[in-house]
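One structure is given here, and the rest of the page talks about it.
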Amino acid sequence: MIDVATLSVIRRWALREQMSIREIARRTGLSRNTVKKYLRAGDEEPRYAKRTSSSKLDPYAEKLATWLAIEATKSRKQRRNLRQIHTDLVALGFDGSYGRVAAFCRKWQADRQEAQRIAGRGTFVPLVFGPGEAFQFDWSEDWAVIAGERTKLQVAHLKLSHSRAFTVRAYLLQTHEMLFDAHYHAFRVLGGVPKRGIYDNMKTAVDKVRTGKDRDVNVRFSAMVSHYLFEAEFCNPASGWEKGQIEKNVRDARHRLWQPVPAFPTLAELNDWLEVRCKALWKEIAHGQLPGTVADIWAQEKPFLMPPPPAFDGFVEHTKRVSPTCLITFDRTRYSVPASFANRPISLRVYADRLVVAAEGQVICEHNRVIDRRHDVTGQTIYDWRHYLAVLQRKPGALRNGAPFAELPTPFKRLQAMLLKKSGGDREMVEVLALVLHHDEHMVLAAVEAALEAGVGTKTHVLNILHRLVDGKSAVPDVVAPQALKLSTEPQANVLRYDSLRVAQPHKGAHHGT
């Protein structure tokens, strides 16, 4: 096949210079029939017909293509490899090489992928959502400086599909309780709940992806959906374009919120800033499809949202056994439990920001949750000294070096230092601490402070002051004597009369001697 430049020369010689076919053939070395064919082809370069050659695989091509289509529907572990397929073809009479079968399989796979791309994966349909119709949810990973330390965050994004109003909230983990908390705060900020929620197949929502749209939905996630009264809808696997709005929101948030990296003393303060910043961005960002800003369209959409119900009780429950030292362990951190439940099973309810311990059908204690993902330090121990009072009453000596009592309030520590200087001070201090089991702790502390100010650091005096506080009496009343009991003549102190007695005494002794 000649190139376009040679064809151009032949056409110029023949049509412009009126050169004969014989001369053109002589100069180019082509046959006269070939020159005539090129001149008839016009401006386009003539091409030879594609050469086709028979192959030993041709009689089996249809069978092999059917096998490959069947294998593509199976899981990776259940598929036959090319060696097995070649062996099966040989059993049917094929006497060609393995390389020919492998080449056919590569071409079949490439053609299949191209057909899928052309049929749907490269083509999209614009989506339009009505007011209050749907929201989209997704997670992302971003960084912030928390308490001076660069921290990786799991960020929850929720966006209304109509108005495109969005919320962003950061967490340290991407777990069920964080997911529930993110929905509550998002609905609170957005002012209501749409009819549908669009999700990918995240593990906190979907236990198993089945054929088509069938999903085994997580039980706790279903309970949250039922509480907020919306319908959960899940995208096809690896089909992020089905929730393209929230995917774009994740990308846009990188430069709107996380660059430069924000720095805050606590995660709660970061989330407060994110909430304020998101609302400010609503007023700055144009909607794009409707006239006005995101805030303008959100104001129009809000009446179509269902008013948010009270927060879903979004905890994840675990069964734990309390240790002999009255501790339970969760996420490498130990938390104290009332001593009466030592060596017994309890129910631990894990929330996004706290842990609630329940037993025998009632809540027995609660702790602020500690999340520390560092593995180069040992886990913390969170004590509540009140949980060990029952043990102290039997073992008052443990008060001196007991780890839970290192964090006693300052008035208790001052009183303890005073009482431990005398015999039996340990037990007396334990009895003072035990008052918090029957009275408000703030009142007990106030009574201890009053006793210390008076310089009388004893249990009896603390009890006396506490009872007056409980009765509503702040101080000892002044004693007012009745008018009838007043003396008409006040007695005067006269020590001189004792001197007269001293003089008279020797005379009396002499009289008796005689």
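The values are calculated or read from the model by the stated rules, or taken from the named source; none is laboratory data. All values reported here derive from a predicted model rather than from experimental measurement. FYI the Cβ positions are ideal-geometry reconstructions off the backbone, even for glycines, and counts take in every protein chain you see. These area figures cover heavy atoms from the full protein model, side chains too; ligands, DNA and RNA do not enter into them. Shrake-Rupley method; radii C 1.70, N 1.55, O 1.52, S 1.80 Å.
Per-atom-type breakdown for segment 327-382 gives carbon and sulfur 45% of the accessible area (1.4 Å probe, protein chains only).
Amide H to amide H distances under 5 Å link D384 with S336, where only residues 5 or more positions off or on other chains count and H is placed in the peptide plane. In segment 134-292, the portion of solvent-accessible area held by carbon and sulfur atoms comes to 54 percent [1.4 Å probe, whole percent, DNA, RNA and ligands not counted]. Here is the size of the chain from its Cα atoms: Rg then Dmax, 44.6, 192 Å. Treating each Cα of segment 144-219 as an identical point scatterer and summing with the Debye formula, the log10 of I(q)/I(0) at q = 0.18, 0.23, 0.27 Å⁻¹ comes to -0.87, -1.14, -1.27. Note on E233 and N81: with the Förster distance fixed at 35 Å, the Cβ-Cβ geometry gives a FRET efficiency of about 0.40. All C-alpha pair distances within segment 318-434, sorted into 10 Å bins from zero, spread as 13, 40, 29, 16, 2 percent across the bins. Only protein heavy atoms count here; under a 1.4 Å probe, M418 has an accessible surface of about 80 Å².
Whole-Hz Karplus values for segment 295-311 come out as 4, 5, 6, 4, 4, 6, 7, 3, x, 8, 8, 6, x, x, x, x, 4 Hz, taken residue by residue from phi with 6.51 cos²θ - 1.76 cosθ + 1.60 and θ = phi - 60°; glycine and proline positions read x. The listed residues S500, S423, S336, once ranked by accessible area (1.4 Å probe) with the largest placed first, stand as S423, S500, S336. Note that segment 450-466 has calculated 3J(HN,Hα) couplings of 5, 5, 5, 5, 7, x, 10, x, 10, 4, 4, 5, 4, 4, 4, 5, 4 Hz, one per residue in order, obtained from phi through the Karplus relation 6.51 cos²θ - 1.76 cosθ + 1.60 (θ = phi - 60°); glycine and proline are x. Each residue, R106 and V377, gets one label point 7 Å from its Cα in the Cβ direction; the gap between the two is 5.5 nm. Estimated from helical segments only, the mean residue ellipticity of the chain at 222 nm is -12000 deg cm²/dmol, where each DSSP H run of four or more residues counts as -39500 (n - 2.57). Solvent exposure of segment 54-147, expressed per residue, is 65 Å² of accessible area, with all protein chains present and a 1.4 angstrom probe. Axis of helix 98-116 versus longest Cα principal axis of the chain: the two differ by about 70°, to the nearest ten degrees.
The DSSP beta bridges internal to the chain are antiparallel in roughly 80% of cases. Extension gain, R22 to E453: 0.36 nm times the residue separation minus the Cα-Cα distance gives 142.2 nm. A cut-off of 5 Å between modelled amide H atoms, ignoring neighbours fewer than 5 places along the same chain, links G292 with H287. The length gained on full extension between H467 and K421, counted as 0.36 nm times the residue separation minus their Cα-Cα distance, comes to 14.0 nm.
For segment 186-236, the Cα gyration tensor yields ellipsoid semi-axes of 21, 11, 9 Å (square root of five times each eigenvalue, largest first, whole Å).
Note that segment 308-381 presents 53 Å² accessible area per residue, ligands and nucleic acids not counted, probe 1.4 Å. Sorting Y38, Y60 on solvent-accessible area from highest to lowest, probe radius 1.4 Å, gives Y60, Y38. Once backbone amide H atoms are built at 1.01 Å from N, T458 has no partners under 5 Å, excluding neighbours fewer than 5 places away on the same chain. Pick out, from H157, A417, A65, the residue whose Cα sits farthest towards the positive end of the charge dipole of the chain, with +1 on the Cβ of Lys and Arg and -1 on the Cβ of Asp and Glu. Of H157, A417, A65, it is A65.
Computed from the alpha carbon atoms alone, the convex hull of segment 81-196 holds 223 Å³ per residue.
Against the criterion of solvent-accessible heavy-atom surface with a 1.4 angstrom probe, F330, F187, F304 sort, most first, into F304, F330, F187. In this view, the solvent-accessible surface of L39, computed with a 1.4 Å probe and all protein chains in place, comes to about 50 Å². Segment 174-280 has equivalent-ellipsoid semi-axes of 27, 17, 13 Å, by the square roots of 5 times the alpha carbon gyration tensor eigenvalues, sorted largest first. Segment 347-409: percent of C-alpha pairs farther apart than 13 Å? When every Cα pair of segment 347-409 is considered, 71 percent fall beyond 13 Å. Based on alpha-carbon atoms, the Kirkwood radius and the radius of gyration of segment 248-394 give Rg/Rh equal to 1.15. Available extension along the chain between R414 and Q259 is 50.9 nm, counting 0.36 nm per residue and deducting the alpha carbon span. Each Lys and Arg contributes +1 and each Asp and Glu -1, all at the Cβ; summed about the Cα centre of the chain, the dipole is approximately 2720 debye.
Look at where the Cα atoms of segment 288-343 and of segment 199-215 average out, and the two centres are 22 Å apart.
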